[in-house]
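The block underneath contains the structure these notes are about, expressed in structure tokens.
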Amino acid sequence: HSVLFAAAGAETTVVDISPAMLDLDRKLAADRGFKVNAIEASMDNLGALPDAHFDLVVQPVSTCYVPAVAPVYREVARVTAPGGLYISQHKQPGNLQAGLRISPLGYTLVEPYYRSGPLPPVPAGSALRESGTLEFLHRWDELLGGLCRAGFVIEDTFEPKHGDSAAAPGSFGHRCWFIPPYFAIKARRKATPPPERKLLVA
């Protein structure tokens, strides 16, 4: 993503907890003659970045890897300039609740909505979950309400369509026909409120 935005002319900073991913960003940018500022950090601790600095923050699907989404939103709010945009993408809660395999009843809920701790591990090769990672289910109140409580105004939402009604039962496309896997949010950082105006009626 960083290279795509740099190619569009943006002064781009990429944050990742993985040094290997940052090395890939640097290499791809250098190969194409672009400059990106690469910072190793967790998305819920952006202390290396200044306040109110960025006009646009883009976050691919990644909040499922942190135990709580509220600290992520607070940090993004801190580094986003008033009026700036935040485009975030998430895994649908129902997608993380439902079983990965089809049953005689279809794709059934196997995880509680109000669960704590990481989800159980999945076998290698899953198109919907990543093996070898810890993933956490975040509720709608946390994903949408938490964004508003952090100081953003939601302007739009979007569900990428991955479902295919003709796909083989049990496949990625078939499951996505019944359970949309992802959604995206477009939100704007609230501008600083104007000075309070005092009124006297005599």
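Listing for the model above:
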| quantity | calculated |
| --- | --- |
| Glu111, sole failed condition from (1) in contact (Cβ under 8 Å) with a residue 40 or more places away in the chain; (2) surrounded by 14 or more Cβ atoms within 10 Å (Cβ to Cβ) | (1) |
| Every residue from region 123-141 that is part of a loop (DSSP other than H, G, I, E, B) and among the aromatic types (Phe, Trp, Tyr) | Phe136 |
| Number of the condition not met by Pro82 [criteria: (1) part of a helix (DSSP H, G or I); (2) open to solvent by 40 Å² or more (accessible area, probe 1.4 Å)] | (1) |
| Every pair of residues 6+ apart whose Cβ atoms lie under 9 Å, when the first sits in region 176-193 and is farther than 11 Å from Phe152 by Cβ while the second is of a type in the set (D, E, K, R) and open to solvent by less than 50 Å² (accessible area, probe 1.4 Å) | Pro181/Lys91; Pro181/Arg175; Tyr182/Lys91; Phe183/Lys91 |
| Check on Ser103, touching a residue at least 12 places away in the same chain (Cβ under 8 Å) and either over 18 Å from the mean Cα position of the chain (by Cα) or within 27 Å of Gly146 (Cβ to Cβ) (or both) | no |
| Which numbered condition Glu196 fails, given (1) of a type outside the set (A, V, I, L, M); (2) closer than 22 Å to Val57 by Cβ; (3) over 23 Å from the mean Cα position of the chain (by Cα) | (2) |
| Tally of residues being assigned to a loop (DSSP other than H, G, I, E, B), surrounded by 14 or more Cβ atoms within 10 Å (Cβ to Cβ) and of a type in the set (Gly, Ala, Ser) across region 142-200 | 4 |
| Residues of region 13-28 satisfying the condition of being within 13 Å of Gln59 (Cα to Cα) and not aliphatic (A, V, I, L, M) | Thr13, Asp16 |
| Residue within region 122-129 that is among the charged types (D, E, K, R) and either closer than 19 Å to Val61 by Cβ or surrounded by 14 or more Cβ atoms within 10 Å (Cβ to Cβ) (or both) present | yes |
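The values are calculated or read from the model by the stated rules, or taken from the named source; none is laboratory data. None of the values given here were measured: they were computed from a predicted structure. Here Cβ is always computed from backbone atoms with ideal geometry, including for glycine, and neighbour counts include all displayed protein chains. These area figures cover heavy atoms from the full protein model, side chains too; ligands, DNA and RNA do not enter into them. Shrake-Rupley method; radii C 1.70, N 1.55, O 1.52, S 1.80 Å.
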